[in-house]
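The values are calculated or read from the model by the stated rules, or taken from the named source; none is laboratory data. Please read these numbers as outputs of a predicted model, since none were measured by experiment. Cβ coordinates were reconstructed from backbone atoms using ideal geometry, including for glycine residues, and neighbour counts include every protein chain displayed.
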Amino acid sequence: MSCDIIIAVWNLKKYTRNCIESILKYTDYPFRLIVTDNGSRRETKEYLESLKNDPRLKGRNYALIRNEDNLGATKALNQGLKISEGDYAMILNNDTVVTKGWLTEMVKIGESSKEIGIVNPNSNNLGLRKPRWLSLSRYAEGLMRKYDGQFIEMATAVGFCYMVKREVIDKIGILSEEYGLGNFEETEYSIRAARSGYKSVVSKASYVWHKEHASFDLLDNFEEMFEKNQKMFYDMFGKPERLLYVLTQKNEKYLKRLKIDTYELAKKCNWIWVISKRKIGKIPLNVHTNIIRFRYLSFGLRLRCIFRILVKKKKFNTILIDDKLLYNILTRLESFHKAAIKKI
């Protein structure tokens, strides 16, 4: 078995070199490196050409595609996917740095279930930032020891780095090129995969560091392009909802239904927060990246809920509450938090 690592490059020689050097140093799983050069300037172009003579790649394990103009990340990645033949295809940004065992662990997760079709690594891009006093390699080694073989289901992959099974590509095809230079194409791809019966997951032990937006920062119209793609995605699939459940009473019948409802909502890209009193015990919810839990002591719970709701930048669409007093308070504050308040 093998994996094709596909990278689209547009300039950023320093980041690209760091990315490829980390692949060569830390990848012990059989791989082929496929790079599409999207019209990079001379220094990056020459660096990519020089890799053909790198003994670590042994010639046949490196393929370079050259575009004279920047066709955008999506088209460049599709060019790589079209010549890819490995059992897995890894879509990797050139502003990333991989760590020891990253790919082997991701393949292990992919092989652990027929339902898994797409695998993300853990990352600072997913909120897991290393402490300043630890090196990247030491931090990654700790995650590997702690979380070996563990994964969390997610609604859609995050595009900085994700691995796709060959059977998924054979079944649903390549990335949609409607999204131009990039943004939301991996989200749309994950939804297509989900509709064909494949889950996207995060490998908890694999770690890939990402210099977020390095390539997009080179574009003058990034915000305009992002908003255009976001609208196109929302028009096609709907805008994700943000829901908050506040639970202060133990109701076994409701909690059984809640476990099913929140999981179904999460699978459809919605975001769910669940705040509960500690005294009612652990709420039996599915583990999913789109389901976020908080457990508070009874004392001060109402104030903490009100504060969290009012200061949240991305506002909730719906808040469901089983506490009568908190329900009344938040109903009066509706002009500030803008959410629909519902009683449980």
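Side notes on the structure shown:
- Yes/no for Ala63 being buried (at least 21 other Cβ atoms within 10 Å of the Cβ) and small (Gly, Ala, Ser): no
Table: residues versus (1) touching a strand residue (DSSP E or B) at 6+ places or on another chain (Cβ under 6 Å); (2) farther than 28 Å from Pro121 by Cβ; (3) acidic (Asp, Glu); (4) modelled with pLDDT of 90 or more.
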residue	(1), (2), (3), (4)
Leu175	no, no, no, yes
Ser203	yes, no, no, yes
His213	no, no, no, no
Phe216	no, no, no, no
Asn229	no, no, no, no
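- Apart from one condition, Met144 fits all of (1) touching a Gly at 6+ places or on another chain (Cβ under 9 Å); (2) of a type outside the set (D, E, K, R); (3) under 19 Å from Asn290 (Cα atoms); (4) part of a helix (DSSP H, G or I); the exception is (3).
- Answer from Ile152, Ile174 - the residue that is out of contact with any Ser or Thr (no Cβ under 8 Å at 6 or more places or on another chain), touching a residue at least 24 places away in the same chain (Cβ under 8 Å) and in the same structural domain as Ala205 (by TED's automatic domain parsing): Ile174
- Taken over the range 25-45, residues that are surrounded by 15 or more Cβ atoms within 10 Å (Cβ to Cβ) and assigned to a helix (DSSP H, G or I) amount to 3.
- Given (1) in a helix (DSSP H, G or I); (2) free of Cβ contacts under 8 Å to residues at least 40 places away in the same chain; (3) surrounded by fewer than 17 Cβ atoms within 10 Å (Cβ to Cβ); (4) out of contact with any strand residue (DSSP E or B) (no Cβ under 8 Å at 6 or more places or on another chain), index of the condition Arg304 fails: (4)
- Of all residues in the range 69-84, exactly one satisfies the criterion of being assigned to a loop (DSSP other than H, G, I, E, B) and either at pLDDT 95 or above or of a type in the set (Phe, Trp, Tyr) (or both), namely Ser84.
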